[in-house]
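What follows is a set of notes on a single structure, which appears directly below.
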């Protein structure tokens, strides 16, 4: 097991395209870190630099205490699981698992021990005599992970290993990777574009955009305290609702004004804004769909909106609505809380009312898109 440290790492391709910009991160020994972001953000390129499959243009990469910038991939003591399984189709599962060990001239007894142990951990003992074409996608991915396990590396690297699986298998494999991590108790670096995978798997999440790190934190930290508008919109499903609003200061008190609704900010938020010297300004206001309250029976002091689409998701409804100034948002409503009359009122074109509390509000600078609170 080992830590992984990246200091001012940069990747510039021959065509002068900069894929990764000034990447700084320390991954602790036995930590599970997930790189997440949209396609083209640089997450896979960063993983491939750790693996040695891409040269580092600038900066320093350490695995443990050793600088490995110029160390060959085979000598870095890492193992990588790819998106496309990369299994040899003409040999059995057993031989696929044993292949890298035989190349390294490990004795047959040790090879057999490691193969059997990996097969047991992954629950693929009964498939050892089969060839990959006789396996399902999930079974092939287990074999691919097994090929990494038998090497007993210091660091596991995984590049979108679940993206080829259907939704049900992805959910199953996510839980299996969590259990696998507990059993192996080693360092994992995992790349995905799926924020649900990132939130469920990672001890910490590294959110990337355009080659830059946007935020590093635990799943709870990046969900509750996004550093900027991009992180706020990327983390969470459905994504956070963003409004154009006004921040108003009256003495030591702060309010947000949105479409006729005025909400006083709680003491901690007000104290933070005062400490940072904010006065009355235009802002971007963020509220997550699950934190918006739909007022069915007595709207009172709430914002009117028009229902455009009603998505039935089983345990909840996702209501896509438009405000009077054409701002779009999504409301999440648990179905258990709905009466028959409520359900009847949720038709396209009907008028709804919603509100929210100070506790759930996020505020962002309209120009820089950086958080005013976090």
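Odds and ends about this structure:
- A Cα-only calculation for the range 194-257 places Rg and Dmax at 14.5, 45 Å.
- Degrees, to the nearest 10: 93-103 long Cα axis against longest axis of the chain: 70 degrees
- Annotation for residue 276 and residue 347: the two label points, set 7 Å from Cα along the Cα-Cβ direction, are 4.5 nm apart.
- Packing-based ranking, highest mean first, of 340-349, 235-244 given that Cβ atoms within 10 Å are counted: 235-244, 340-349
- With contributions of -39500 (n - 2.57) from each DSSP H run of at least four residues, the per-residue ellipticity at 222 nm computed over the chain stands at -8000 deg cm²/dmol.
- Using the Cβ-Cβ distance between residue 335 and residue 26 with R0 set to 35 Å, the FRET efficiency from 1/(1 + (r/R0)^6) comes to roughly 0.20.
- Treating r as the C-beta distance of residue 108 and residue 178 and R0 as 30 Å, the FRET efficiency rounds to 0.35.
- Counting DSSP beta bridges with both ends in the chain, the antiparallel % (nearest 5): 75 percent
- Net lengthening on full extension, residue 255/residue 239 (0.36 nm per residue, minus Cα-Cα): 3.4 nm
- For the options 155, 71, 321, a Gaussian network treatment of the chain with springs between C-alpha atoms closer than 10 Å singles out 71 as fluctuating the most.
- 5 Å binning of all Cα-Cα separations within the range 233-374, expressed as whole percents from 0 upward: 2, 9, 19, 22, 18, 13, 9, 5, 2, 0
- Residue 221/residue 358 FRET efficiency (R0 22 Å; Cβ-Cβ; nearest 0.05): 0.65
- All Cα-Cα separations within the range 293-355 were binned at 10 Å from zero, giving a P(r) of 23, 62, 16, 0, each value a whole percent of the pairs.
- Compared with the direct C-alpha span, the chain from residue 166 to residue 18 gains 50.0 nm at full extension, assuming 0.36 nm per residue.
- Rotationally averaged projected area of the range 4-233 (alpha carbon convex hull; nm²): 13.0 nm²
Readers should treat all values here as calculations from the given coordinates under stated rules, not as data from a laboratory. Because the structure is predicted, anything quoted here is derived from the model rather than measured. Virtual Cβ from ideal backbone geometry, glycine too; neighbours counted across all protein chains shown.
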